């Protein structure tokens, strides 16, 4: 077969894959668009839900006020909030489309091995978001509120009056940071299945992992030690869980190799 014939024969499968990819992308974008419309219609209610950590940290005795300093600022905040909520709601559909695009190229046992990770990824992300909502964010806001200063004769009062856009950016950044860091078991276990790492390597690199985790926490969280430890400690615990899961994968692989032999 000539080179031209080989190129022509490979062109058809490539076009089929591109058409399939386009179809999956369109379905994912339609899911995001539909979720965006719903989230934008209820943007005020969603924002009020996200205010709960702030309200909990301040306590019922404090009357909270948030401000916006530009006419379009709160509208842009609502758009950002709707887009953020749309990705949350549409994530299962996006994950399913990715799986359906990848699955035909996998063997049956590979699909069976890949499917649990598809389920675990959104669950771990939502666990990270819940940890922010009920734990890290109230702790961070309590720390920020503790810096207020009551006014006195000859002394100015210092009070926190947060902007809507800055508060939303803070809680979204924390949710994304925790959601990504909570994927540690999935990422490390997949690398172990692919043969790139093993449990012994993870144990040997534990001290470096501690330094890296605290460095990442310092970058992703607000500049206070409470938020940094709130992200770093669960991530390190997930690292230890990953070591256990990698050992389970290695034992299972060894058992399958023994049975095959």
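No lab work stands behind these numbers, since they all come straight from the coordinates. Just so you know, these numbers come straight off a predicted model, no measurement behind them.
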Using alpha-carbon coordinates, inclination of helix 3-41 to the longest axis of the chain, degrees: 30 degrees
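Just the projected area, averaged over all directions, of the convex hull on the alpha carbon atoms of the range 111-217: how many nm²?
9.8 nm²
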Under the rule a/c < 1.5 gives rounded, and otherwise a/b versus b/c splits prolate from oblate, where does the range 36-195 land using the Cα gyration tensor? prolate
Working from Cα positions, state the angle (0 to 90°, nearest 10) between the long axis of helix 73-102 and the longest principal axis of the chain. 20 degrees
When the chain is modelled as a GNM with alpha-carbon springs shorter than 10 Å, which of 227, 23, 165 fluctuates the most? 23
As a test of the formula, what do you get for the chain when each DSSP H run with n ≥ 4 contributes -39,500 (n - 2.57) and the sum is divided by the residue count, at 222 nm and rounded to the nearest 500 deg cm²/dmol? -26500 deg cm²/dmol
What is the helix-to-structure angle for 108-131, meaning the angle in degrees between its Cα long axis and the longest Cα principal axis of the chain, kept from 0 to 90 and rounded to the nearest 10? 0 degrees
Tell me, how many Å apart are the Cα centres for the range 185-241 and for the range 142-174? 31 Å
At a threshold of 8 angstrom on Cα-Cα distance, excluding pairs fewer than six apart, so keeping six or more, what relative contact order does the range 115-182 reach in percent? 50 percent
Shape category assigned to the range 160-261 from the gyration tensor of Cα positions, a/c cut at 1.5: prolate
Report D for the range 197-242 in µm² per second (integer): Stokes-Einstein, Kirkwood Rh on Cα pairs, 10 °C, 1.306 mPa s. 145 µm²/s
